[in-house]
Ligand code: MRU
């Protein structure tokens, strides 16, 4: 399939309401290939293999995926339906542990099933369809709001550094960390964006540099070990990154290497902003120490895309997919309800409490 990546929703439901449709991100930037998924194993694999990735996108994919799976259950009674639903829900939840959006979206979908327990199966499936679409639509609106609040932290001509991909490919549209950049571009800010390549799986090089360049944003790709140099040179006014889970005290898990960027930014007085939909804020997790960090296969480091070995055979390899940036290194957490500032224990609580009341 051709077309521009920025014109295609990263995650969607097909027109017949029968399949979860994703852009296969492992093929980017060379090829824009869509995948239609209808089976639990296909959806689990797509999330684990990073064909769909980025915290908000995997939440939306899980929600739409659960609806698709539930619409195919051949059962007549509620108990059998609920048992099948819980089995698939737990299975999808096991695909990746760090991004809280996955379990957040699955819990929302389960809440719909239990709330409609007295209705017949087609009515429950219909309610699941509606909820999946609400989760998708919320993602679009939330990213737009993050863009508005985030743009207020920028001024025309600024240099911005980002790590990994918290772009439109990590959400349905707009992205989180890129939403302020796209909005600023529409308002003629003429930003300059440095994209860390993001080893080992190169989300920055393959995805962020690709989508920003395609959108006409002035973009420079750098290796991860170059961020200190561009900051020392005074080329970066702000760091904008996404996140996979924000703890109640503001400690933030994001792609491995983010904490290095934040430590370097502190050295050069560059503010670090975390762009966080409230679906990524986990008040049940007290601090970053409580966040489960996914460890992935050593081949991701030892081999380039499982093709060419670059490391000696049998060398020990440590491959955590995420790290935690201490809240002291974060200048602000940009949510759809505004920018939380230190002390985060209070500001995040206020945002989450207000959200409950709306
Ligand atoms: O392993 P990935 O590619 O799913 O990691 C993604 C990130 O770390 C993103 O920065 C994060 O999910 C935020 S996406 C808006």
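Each reported figure results from applying straightforward, stated rules to the coordinates on display, with no laboratory input. Everything quoted here is computed from the prediction, not taken from an experiment.
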inquiry  = If you split all Cα-Cα distances of the range 183-340 into 5 Å bins from zero, what percentages do you get per bin, shortest first?
reply    = 2, 9, 15, 19, 20, 17, 11, 6, 2, 0, 0
When the convex hull of its Cα atoms is projected in every direction, mean area for the range 1-60 (nm²) = 4.1
key: Within the chain, helix-based [θ] at 222 nm, where runs of 4 or more DSSP H residues each add -39,500 (n - 2.57), nearest 500   = -12000 deg cm²/dmol
request  = Sort all Cα-Cα distances of the range 249-341 into consecutive 10 angstrom bins from zero, then give the percent of pairs in each bin up to the one containing the longest distance.
outcome  = 15, 38, 26, 18, 3
task = Specify the angular offset, from 0 to 90 degrees and rounded to the nearest 10, of the alpha carbon long axis of helix 258-267 from the longest principal axis of the alpha carbons in the chain.
result = 30
remark   = Gyration tensor on Cα atoms of the range 13-102, a ≥ b ≥ c root eigenvalues, a/c under 1.5 rounded, else prolate if a/b beats b/c, else oblate, says oblate
task = Could you work out the Rg to Rh ratio of the range 122-191, with Rh taken as the Kirkwood radius (inverse of the mean 1/r over all Cα pairs)?
result = 1.16
request  = Kindly express, to the nearest 10 degrees and within the range 0 to 90, the angle between helix 55-70's C-alpha long axis and the longest C-alpha principal axis of the chain.
outcome  = 10
ask   = What fraction, in whole percent, of alpha-carbon pairs in the chain exceed 29 Å separation?
value = 38
remark   = Counting every C-alpha pair in the range 85-175, the percent lying more than 20 Å apart is 52
ask   = Against the longest alpha carbon principal axis of the chain, how many degrees, from 0 to 90 and to the nearest 10, is the axis of helix 344-357 turned?
value = 30
remark   = All alpha-carbon distances of the range 67-109, grouped into 5 Å bins from 0, give the whole-percent distribution 5, 21, 30, 22, 13, 6, 2, 0
Pairs of alpha carbons in the range 47-200 whose separation is greater than 26 Å (percent) = 38
ask   = Hull surface divided by four, with the convex hull built on the Cα atoms of the range 311-358: how many nm²?
value = 5.7
